[in-house]
Each structure stands twice: as structure tokens, then as C-alpha cells.
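Each remark here refers to the structure printed beneath this line.
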Amino acid sequence: MYRLLGKAAAALALGAVIAYVHPISAADQNAPPVPPKQAEGPAPEPLSMDELKKPMKPLERANMAAKGTLKNPYTDNPEAIAQGKKLYFGKSCNGCHGGGGGGGMCPPLTNTVWVYGDTDDTLFRLISMGSDELKKHGYSRKGTEGVVGPMPPFGELIDSDQDVWKIIAWIRTVFAGGPERRHW
Ligand code: HEC
């Protein structure tokens, strides 16, 4: 009788541990990013760099590309980074995120928390469609920075997807998380 009770108590304790551990691991920013849910079938091939360098309206690009297939063709390109920095200020991103990307009223772009994930694909869609629309496309907040407001859509305010990529190339340079946390 006591042995049975002991087992039941152990099972309960284990359940409590699992229930306790789960929300913490789900919020762990260092865990590898969970890829966005795909339809049935194999993951689509990423677009080629040549294709990605053909200018297109940002929303057109977001709509034509399957989730997870967008990749920044300008990462680490010094000329593009300089242009991206100008665009960042030209489009008033700094009004919310601050001049060094370090956050103002809005999430900092420098730290290791990426609200919807850190991939090029996610950042491109977030900037182009805004966070309300992004969520309608099946993306959800993985991290939170105590900000409840949405990120406005810039797909109509930025002429070309090339410019969105250049801005992202600049944002990558202000990331202060160190090379081991760089997954792009
Ligand atoms: C009106 C304020 C506002 C402006 C202007 C704005 N953003 Fe944002 N941005 C936000 C908010 C709020 C979030 C967080 C959204 C959420 O949690 O759903 C965000 C999130 C982001 C993120 C994700 C940050 C992270 O840590 O995951 C990036 C990248 C970003 N914005 C880039 C830009 C760029 C580039 C521009 C200019 C083209 C811009 N933002 C203009 C408010 C703004």
C-alpha cells in the first residue's frame, strides 16, 4: 500500500517537474529557431542569390516566396550595409528603434532576443508586412521584450526588396550577441 502510494507520489512529482520545466525551455532564446510550419511535403528550396537580387516590390517578393526560402543576398556586404544604414534613418526606423538599433520605445535590434525568430526570411516579412499581418501568416512571438504594440508594415513605404535586404544587412551589424549566436 505504501509502496503504491510512493509510486503515485513520484509520478505526481515528475509531472510537476515537467510542467515546471516546459515554459522555461519554450522561452529559451538560445534554443535553435523552430522553422515556420510548412505544408505537407519536403521543405522548399531556398531561392538562388541571382533570383534574390532581381528587384521587386517587397510585398510581391514576400508573396511569391514560400516560407523559409528568403535569404539576404547582401549580408556582410560593406556597400549595402552603408546604404542600409541610410535607409534605416530615411524610413524613420530609428523613431522607434533608436539610432544605433539599440531600442527606443521599441524592441532593441542589438540584443539576442528576436521577437519572431532571427532568420532573414522572418525579418524580411516582418518589416514588409508588419507584425499583425505576419501573425496572420502563422508566425508567432517566440520572445518578448515587454512591448505589446505592433510593428507597422513598410512594404508600401520601401520601394524595393533590395532596400529591405540592405536595411537588414545593416541591422545585422549592430547585433551585439557575438558570433556564436549568429545563425544567419
Ligand atoms: C512605430 C514604431 C516602429 C517603427 C517606425 C518601426 N518599428 Fe520595427 N518594431 C516595432 C515594434 C513594436 C516591434 C515588435 C513587434 C512585436 O512584438 O510584435 C518591432 C520589431 C522589429 C524587428 C524585430 C526585432 C527583434 O528583436 O526581433 C525588426 C528587425 C524591426 N522592427 C525593424 C524595423 C525597421 C527596419 C524599421 C524601419 C523600416 C522599423 N522596424 C520601424 C516598432 C516599430
- For the pairs K57/K142; K91/K142; K142/K166; K53/K135; K57/K166, note any where the Cα-Cα span goes beyond 23 Å. K57/K142; K91/K142; K142/K166; K53/K135
- Proportion of all alpha-carbon pairs of the range 48-181 beyond 28 Å (%): 8
- Query: For the residues L47, L70, L52, what sequence is obtained by ranking on other C-beta atoms within 10 Å, fewest first?
  - Reply: L47, L52, L70
- Query: Residue by residue, what Karplus-based ³J(HN,Hα) values in Hz, rounded to whole numbers, does the range 136-146 have, using 6.51, -1.76 and 1.60 with θ = phi - 60° and x for Gly and Pro?
  - Reply: 5, 8, x, 8, 9, 5, 9, x, 9, 10, x
- Task: Mind giving me the nanometre distance, one decimal, between the label points for C96 and M56, set 7 Å out from Cα along Cα→Cβ?
- Result: 2.4
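Arranged by the count of other C-beta atoms within 10 angstrom, fewest first, what order do E45, E145 take? Walk me through the numbers before you get to the answer.
Values: E45 8, E145 13.
So the ranking, lowest neighbour count to highest, is E45, E145.
For D163, D121, D50, D132, which order do you get if you count the other beta carbons within 10 Å of each Cβ and list the fewest first? Intermediate values should be presented prior to the final figure.
On the way: D163 20, D121 23, D50 8, D132 11.
By the 10 Å Cβ count, ascending, the order reads D50, D132, D163, D121.
Read-outs: derived from the displayed coordinates by stated rules, not from any lab. As the structure is a computational prediction, the values presented were derived from the model and not from experiment. Every residue, glycine among them, receives a Cβ derived from its backbone with ideal geometry; neighbour counts consider all protein chains shown.
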